[in-house]
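Structure first, then comments.
Values in this text are rule-based calculations from the coordinates and carry no lab data. Please read these numbers as outputs of a predicted model, since none were measured by experiment. All Cβ positions, even for glycine, are placed from backbone atoms using ideal geometry, and neighbour counts span all protein chains on display.
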Amino acid sequence: MEQALLLYTTFPDEKTALAIGEALVRDGLAACLNVLPGMSSVYRWEGGIERGREVVGIIKTREGRRDAVTAALKDLHPYDTPVILYLTPEADPATLAWLAAATNGEDGAISA
């Protein structure tokens, strides 16, 4: 069975995150997007130090969807350069089965 994959990213606000998450889930690229609002960020950008308010998005998918979900996220994201970090956790077999089923994987559905 395929390995689970989490993508960590940030969004400018909860509304944007939820809209993108809904598109990723609807298209079978992600099983879920968790949105954690209320994050304050300090970061280096274009030679300066910036501060801002953002929300965290944690996308749950499977390794076989990595390229497709990354491309879709970059296409839908309002940032010119969205942060996309890949985390490959160990997962319970039932969780892996859910990820596969929700992302058109090993449940017999058509895989893209």
Starting with the fewest neighbours, write out ASP92, ASP80 ranked by other beta-carbon atoms found within 10 Å of each beta-carbon.
ASP80, ASP92
Within the chain, longest stretch clear of exposed GluC sites (Glu not before Pro) (DSSP loop, no more than 14 other Cβ within 10 Å):
1-45
For the Cα atoms of the chain, what angle does the longest principal axis make with the long axis of helix 66-76, in degrees from 0 to 90, nearest 10?
40 degrees
To the nearest 20 Debye, how big is the dipole of segment 4-102 about its Cα centre, given +1 on the beta carbon of each Lys and Arg and -1 on that of each Asp and Glu?
60 debye
If I fit a long axis through the Cα atoms of helix 93-102 and take the longest principal axis of the Cα atoms of the chain, what angle between them do I get, 0 to 90°, rounded to 10?
80 degrees
If I compute Cα extents along the principal axes in Å from the structure I just sent, which labelled value in (1) 49, 25, 23; (2) 89, 28, 20; (3) 40, 29, 21 lines up?
(1)
